[in-house]
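Notes follow once the structure below has been shown.
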């Protein structure tokens, strides 16, 4: 397909070029942090190059540096993303730095140069560690080593990518190696160990191209079958996206969008989906029905977080037996404690649904023990006591523990106020809600609660 260039505000133009220069020199900030944190003021070293241009650099090397700078300017006219420029940056920063320092070390001031360079490198290293959260990463690495590392034990910053890893893992484990998969609305082209049919994210969607060439949904299915495509992996907003695509060449006409809807509805069967239905995996309908997707211990060991979310989906779909089986596998597996906390919470939900209150409370107690020392997990346990069981004294006790660990967490303080209200301790409830409002001044719901409680606590003197 023809690649259609799209202009982004941060991809080309003078503003983005200035952004790159400021990021290299350490003067660019994004959400209060230097960007990129690991580079900082590296380009400042290059500023001393003109002073020693002739004395420190042989003529041939000067030509190389000029060629590198010229290449960088040409590259920056079309792409300024760090990953595309890092090779030239390394050359233009490290090489001049090395030759200038080498030249200075041969001068009478060599000892002073060594001290300055050593101090500057140490300062840059400390700055990089602080701005990139290196100490936190080291601490996390130690925890991984203690608990047994698995990539699925932890979330990344990209929830969509985490869910894509899980769904492609399920496809890899539950399909034959020669069965092709076509992507729809998914920009990441990796992780799948099957013949892949996909388009670059700046191209027209491949399945839309096939839909335009076919006469109806059945013809589209036949076309895909001839290409040995047996599965469809799509993002849930795919049909909406191709209908509203601003680029006319990549937009779907209504008849083609309807054709794709009919194809998914009549010619495919849903096999699995991720939480919030972010990604959906369909298999093309064949003569034989597809086997049910089951989660085994290897899945839990490799992707415990995703397996836990999958168990939650099964629970809400009414499949309590499978959800319980996965949860108990998680509890018996060597995974990090916070995953086990959520497994106990889900088991507590199941026991509550079965009207087995004593077992539900037992699961909650075990979750509370594992959650000690972690405000987020204690908050989750407290919510279960409050919202699922209406056990407000127990919930309040858990929330107090969480508040000691994170006294500025608005949600914890808010629910302390709610529990106090449900326990008819209106004065303490008012105090908690007023504290919550100080933490989050713009929250209208908290303001309304304060207004209502003041009428109860101070009925005679309340003036609105």
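When you scan the stretch 111-130, do you find a residue that is closer than 30 Å to residue 337 by Cβ, under 28 Å from the mean Cα position of the chain (by Cα), modelled with pLDDT under 75 and part of a helix (DSSP H, G or I), even just one? Checking the stretch 111-130: at least one residue is closer than 30 Å to residue 337 by Cβ, under 28 Å from the mean Cα position of the chain (by Cα), modelled with pLDDT under 75 and part of a helix (DSSP H, G or I).
When residues in the stretch 81-118 are screened for being in contact (Cβ under 8 Å) with a residue 60 or more places away in the chain, surrounded by fewer than 16 Cβ atoms within 10 Å (Cβ to Cβ) and under 21 Å from residue 57 (Cα atoms), 0 of them pass. The requirement of being touching a helix residue (DSSP H, G or I) at 6+ places or on another chain (Cβ under 6 Å), closer than 30 Å to residue 459 by Cβ, in contact (Cβ under 8 Å) with a residue 24 or more places away in the chain and in a helix (DSSP H, G or I) is not satisfied by residue 367. Is the stretch 264-272 home to any residue that is surrounded by fewer than 16 Cβ atoms within 10 Å (Cβ to Cβ), more than 23 Å from residue 382 (Cα to Cα), within 28 Å of the chain's Cα centre (by Cα) and modelled with pLDDT under 90? The answer is no, given that none of the residues of the stretch 264-272 is surrounded by fewer than 16 Cβ atoms within 10 Å (Cβ to Cβ), more than 23 Å from residue 382 (Cα to Cα), within 28 Å of the chain's Cα centre (by Cα) and modelled with pLDDT under 90.
Among the residues of the stretch 245-253, is any modelled with pLDDT of 90 or more, more than 22 Å from residue 310 (Cα to Cα), part of a helix (DSSP H, G or I) and in contact with a helix residue (DSSP H, G or I) (Cβ under 8 Å, 6 or more places away or on another chain)? For the stretch 245-253, residues modelled with pLDDT of 90 or more, more than 22 Å from residue 310 (Cα to Cα), part of a helix (DSSP H, G or I) and in contact with a helix residue (DSSP H, G or I) (Cβ under 8 Å, 6 or more places away or on another chain): absent. Looking across the stretch 269-292, the residues that are in contact with a helix residue (DSSP H, G or I) (Cβ under 8 Å, 6 or more places away or on another chain) and in a strand (DSSP E or B) come down to 271, 272, 273, 279, 281, 282, 284. Scanning the stretch 207-229 for residues that are within 25 Å of residue 176 (Cβ to Cβ), in a helix (DSSP H, G or I) and touching a residue at least 40 places away in the same chain (Cβ under 8 Å), we see that the one that is farthest from the chain's Cα centre (by Cα) is 218. Residues of the stretch 251-263 that are surrounded by 20 or more Cβ atoms within 10 Å (Cβ to Cβ) and within 32 Å of the chain's Cα centre (by Cα): 252, 260, 263. Any residue at all in the stretch 333-348 that is in contact with a helix residue (DSSP H, G or I) (Cβ under 7 Å, 6 or more places away or on another chain), in a helix (DSSP H, G or I) and closer than 28 Å to residue 449 by Cα? The answer is no, given that none of the residues of the stretch 333-348 is in contact with a helix residue (DSSP H, G or I) (Cβ under 7 Å, 6 or more places away or on another chain), in a helix (DSSP H, G or I) and closer than 28 Å to residue 449 by Cα.
So, residue 304, is that one touching a residue at least 60 places away in the same chain (Cβ under 8 Å) and closer than 15 Å to residue 167 by Cβ or not? Considered against the rule, which asks whether it is touching a residue at least 60 places away in the same chain (Cβ under 8 Å) and closer than 15 Å to residue 167 by Cβ, residue 304 comes out as no.
A quick yes/no check of all residues on (1) touching a residue at least 60 places away in the same chain (Cβ under 8 Å); (2) in contact with a strand residue (DSSP E or B) (Cβ under 8 Å, 6 or more places away or on another chain):
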position	(1), (2)
249	yes, no
259	no, no
268	no, yes
294	no, no
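Whether any residue in the stretch 233-242 is free of Cβ contacts under 8 Å to residues at least 12 places away in the same chain, more than 17 Å from residue 184 (Cα to Cα), out of contact with any helix residue (DSSP H, G or I) (no Cβ under 8 Å at 6 or more places or on another chain) and surrounded by fewer than 18 Cβ atoms within 10 Å (Cβ to Cβ) is what I want to check. No, the stretch 233-242 has no match at all.
The residues of the stretch 347-364 that are without any contact (Cβ under 8 Å) to a residue 24 or more places away in the chain and within 20 Å of residue 329 (Cβ to Cβ), listed by number, are 347, 351, 359, 362, 363. Pairing residues of the stretch 124-140 that are within 18 Å of residue 93 (Cβ to Cβ) with residues that are at pLDDT below 70 and assigned to a helix (DSSP H, G or I), at Cβ distances under 9 Å and at least 6 apart in sequence or on separate chains, gives 124/42.
Across the stretch 429-464, the number of residues qualifying as within 38 Å of the chain's Cα centre (by Cα) and assigned to a helix (DSSP H, G or I) comes to 18.
The values are calculated or read from the model by the stated rules, or taken from the named source; none is laboratory data. Please read these numbers as outputs of a predicted model, since none were measured by experiment. Every residue, glycine as well, gets a Cβ built from its backbone with ideal geometry; the counts of neighbours run over all protein chains shown.
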